[in-house]
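Engineer: Dropping the structure in here first, questions after.
The values are calculated or read from the model by the stated rules, or taken from the named source; none is laboratory data. For clarity, every value in this text was computed on a predicted model and none was experimentally measured. No Cβ is skipped: glycine too gets one built from the backbone with ideal geometry, and neighbour counts run over all protein chains shown.
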């Protein structure tokens, strides 16, 4: 049973039905499609749910107790189990169940090992990203204070972007997305010609340097996750070889005993 679960065709079939189900869930949000094909979509959705339930059962039989060790397996069980929640006539309960059903599309992540590695790496990098976020917050606060002290008097398009610390921080956060930063720069330079030094230095530090730091952190953890995955695969192969070697040794002993 385990060789079936690990086979490529089994995984491709599961991914196919996950993709089909994700498309169906999207189509169910279109009123005109539901009016014309609602019953057909319900049948496809129910069939996909049956396939997912059968898949979970097969994987539990194949993996036994090992199945419940993986967090991703628990996620699959939870997502499929939620879909079997009985729906009452209440509109609010219908909306909740439909909302929870959307998580079925997330099974694409749990079914693709590479995506699992990336998601695991992102979760592991959260503490380091927190320090990067703190550094960004400090930088934002310092530049906001400087902005209020230097450009509180600037008004353009009936907007005072550095009126106070809160408004200044909001202005700089929007600037990091490169949304309207050119208009802001021109508005500042009308009153303060050297304001470009302030704004461009902030963009370089926040949007370029800090972004590269965040990307570097995530890439580093992804690399470590891949290395850990390869090490685990190597250990699994070694364990399987050890089991095979033990069986061979037992066979040899049995043959020697038979000869004697």
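To keep it simple, each residue is scored yes or no on (1) within 30 Å of residue 25 (Cβ to Cβ); (2) modelled with pLDDT under 75; (3) buried (at least 16 other Cβ atoms within 10 Å of the Cβ).
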{"site": "94", "(1), (2), (3)": "yes, yes, no"}
{"site": "98", "(1), (2), (3)": "yes, yes, no"}
{"site": "103", "(1), (2), (3)": "yes, yes, no"}
{"site": "125", "(1), (2), (3)": "yes, no, yes"}
{"site": "134", "(1), (2), (3)": "no, no, no"}
{"site": "143", "(1), (2), (3)": "no, no, yes"}
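Engineer: Using beta carbons and a limit of 6 Å, which pairs, at least six apart or on different chains, have the first residue in the range 58-76 and more than 19 Å from residue 104 (Cβ to Cβ) and in the same structural domain as residue 6 (by TED's automatic domain parsing) and the second one in a helix (DSSP H, G or I) and at pLDDT below 80?
Structural biologist: Here the result reads 62/2; 62/5, each pair linking the range 58-76 to a residue that is in a helix (DSSP H, G or I) and at pLDDT below 80.
Engineer: In this structure, does residue 135 turn out to be within 21 Å of residue 209 (Cβ to Cβ) and touching a helix residue (DSSP H, G or I) at 6+ places or on another chain (Cβ under 6 Å)?
Structural biologist: Judged against the criteria, residue 135 is not a match.
Engineer: Return a yes/no flag: does the range 162-179 have any residue that is in a helix (DSSP H, G or I) and at pLDDT below 85.
Structural biologist: Looking through the range 162-179, none of the residues is in a helix (DSSP H, G or I) and at pLDDT below 85.
Engineer: While we're on this one: In the list 148, 109, 138, 154, which residue meets the criterion of being at negative phi and not in a helix (DSSP H, G or I)? Please lay out each step first, then the result.
Structural biologist: Values: 148 fails: not in a helix (DSSP H, G or I); 109 fails: not in a helix (DSSP H, G or I); 138 fails: not in a helix (DSSP H, G or I).
Testing whether each residue is at negative phi and not in a helix (DSSP H, G or I) leaves just 154.
Engineer: May I ask you to list the residues in the range 152-171 that are surrounded by 15 or more Cβ atoms within 10 Å (Cβ to Cβ) and in contact with a helix residue (DSSP H, G or I) (Cβ under 6 Å, 6 or more places away or on another chain)?
Structural biologist: Correct list: 154, 161, 162, 168, 169.
Engineer: For the range 31-42, state whether one or more residues are modelled with pLDDT of 85 or more, surrounded by fewer than 17 Cβ atoms within 10 Å (Cβ to Cβ) and within 21 Å of residue 109 (Cβ to Cβ).
Structural biologist: no
Engineer: Looking at the range 22-44 only, could you name the residues that are part of a helix (DSSP H, G or I) and within 24 Å of the chain's Cα centre (by Cα)? Steps first, answer last, please.
Structural biologist: First, pick out the residues of the range 22-44 that are part of a helix (DSSP H, G or I): 22-27, 31-44.
Once the filter is applied, which keeps residues that are part of a helix (DSSP H, G or I) and within 24 Å of the chain's Cα centre (by Cα), the range 22-44 yields 22, 23, 24, 25, 26, 27.
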